[in-house]
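Enquirer: A single structure is presented below for examination.
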């Protein structure tokens, strides 16, 4: 089968063998919301040469303004619940292919939602097999997912990545920053994490970064790392500490973000376990097997 995680900014596709192992992987440059009206063509170009008939898709491709609008499955939600809600779709531009779209998950008590991250949770070894777990998925909109006894119990989203991008590129702080976002200044990042625990709250602390720069108390090149630490520090204090798990936090994502969150969690006294983004491929395989 072909597993596809098609998010807001990019398409990731994996070709899986009969046992679910990844045998090939590709990336497409077009986000699910930018491909309106040409989803089939964009997917066909990405998987050209792969002849597998079954394609299972998750992420923003299933949003109401994506390719096939998919409803949400309400918490508490198990892998079996998600598999039962998969929807078949056929497209004349992809002859001979069977497309299966994955629903999102809604926590209506919060309220909160996610699309794509629920599949990554399904792909984490042992997490949906029992016990209590906390999964963190850093990104533009970071997700914190509580799992108990094989079911997703709650979802909490932090717009940390989006807020960082806005402050980094626009406004008062952006005018003071120099350099790019990498490599991260470790000392400045840790200073931001510590400041998140000080009095005054985030709006006041953000202006404090401007004052530090004006008084020459911080290198403008270190401001992005300090800002990152400050925002992630508030996220950790607001979400991870209240939901402190019995075991390690499962971190899923790209290396740079996972490194940052693992370091922030460690300084807060919380262990973590890292998983890469192929969790989505494993989760899509699991759902396909449950549906079959």
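Bear in mind these aren't lab numbers, they're just calculated from the coordinates by the rules spelled out. Keep in mind the model is a prediction, meaning the values are calculated, not measured. Note that we place each Cβ from the backbone using ideal geometry, even for glycine, and neighbour counts take in every protein chain shown.
Enquirer: Among the DSSP beta bridges whose two residues both lie in the chain, what percent are antiparallel, rounded to the nearest 5? Intermediate results must be reported in sequence, preceding the final value.
Expert: On the way: 31 of 48 bridges.
In the chain, approximately 65 percent of DSSP beta bridges are antiparallel ones.
Enquirer: Here is a further query. Please say if the range 200-241 is rounded, prolate or oblate, where rounded means a/c under 1.5 for a ≥ b ≥ c the square roots of the C-alpha gyration tensor eigenvalues, and otherwise the choice is prolate for a/b larger than b/c and oblate otherwise? Each step should come with its number before you reach the end.
Expert: Values: a/c = 4.04, a/b = 1.84, b/c = 2.19.
Oblate, since a/c reaches 1.5 and b/c is not below a/b.
Enquirer: Please tell me the relative contact order of the chain in percent, rounded to the nearest whole number, where contacts are Cα pairs under 8 Å and at least six residues apart. Please list the in-between numbers first.
Expert: Values: 593 pairs, mean separation 51.7, N = 292.
The value is 18 percent.
Enquirer: Rank 265, 167, 33 by mean-square fluctuation in a GNM of the chain with C-alpha springs under 10 angstrom and give only the top-ranked residue.
Expert: In this elastic network of the chain, the residue with the biggest mean-square fluctuation among 265, 167, 33 is 167.
Enquirer: Ok, one more. How high is the relative contact order of the range 188-252? Use alpha-carbon pairs under 8 Å, at least six apart in sequence, and give a whole percent. Let's see the in-between values first.
Expert: Working: 52 pairs, mean separation 32.5, N = 65.
Once normalised by length, the contact order is 50 percent.
Enquirer: If you take every DSSP beta bridge fully contained in the range 1-152, what fraction is antiparallel? Give it as a percent rounded to 5. Provide the component values of the computation, followed by the final result.
Expert: Numbers: 26 of 37 bridges.
If I count the DSSP bridges inside the range 1-152, around 70 percent turn out antiparallel.
Enquirer: What does the C-alpha gyration tensor say about the overall shape of the range 54-185? Classify as rounded when a/c is under 1.5, otherwise prolate if a/b is larger than b/c, or oblate. Walk me through the intermediate numbers first.
Expert: On the way: a/c = 2.31, a/b = 1.44, b/c = 1.61.
Oblate, because a/c is 1.5 or more while a/b does not exceed b/c.
Enquirer: Sort 22, 270, 2, 232 by Cβ crowding within 10 Å, fewest neighbours at the top.
Expert: Working: 22 14, 270 18, 2 24, 232 27.
Starting with the residue having the fewest Cβ neighbours, the order is 22, 270, 2, 232.
Enquirer: How far, in degrees from 0 to 90, does helix 186-195 lean away from the longest principal axis of the Cα atoms of the chain, to the nearest 10?
Expert: The two axes meet at around 80 degrees.
Enquirer: Another question, then. Could you tell me how many degrees, from 0 to 90 and to the nearest 10, lie between the Cα long axis of helix 160-169 and the main elongation axis, the longest principal axis, of the Cα atoms of the chain?
Expert: For helix 160-169, the angle is close to 60 degrees.
Enquirer: Does the range 230-291 classify as rounded, prolate or oblate by the C-alpha gyration tensor (a ≥ b ≥ c root eigenvalues; a/c under 1.5 gives rounded; else a/b over b/c gives prolate, otherwise oblate)?
Expert: On the way: a/c = 2.66, a/b = 1.96, b/c = 1.36.
Because a/c hits 1.5 or more and a/b exceeds b/c, the range 230-291 counts as prolate.
Enquirer: Of the residues 38, 151, 168, which exhibits the maximal mean-square fluctuation in a Gaussian network model of the chain defined by a 10 Å Cα contact cut-off?
Expert: 38
Enquirer: Please find the FRET efficiency linking residue 210 to residue 90, where r is the Cβ-Cβ separation and R0 is fixed at 45 Å, and quote it to the nearest 0.05.
Expert: On the way: r = 55 Å, r/R0 = 1.22.
Here the calculated transfer efficiency is 0.25.
Enquirer: In the Gaussian network model of the chain, springs joining C-alpha atoms below 10 Å, which of 271, 112, 91 carries the largest mean-square fluctuation?
Expert: For the chain, modelled as a Gaussian network with Cα springs under 10 Å, the answer is 91.
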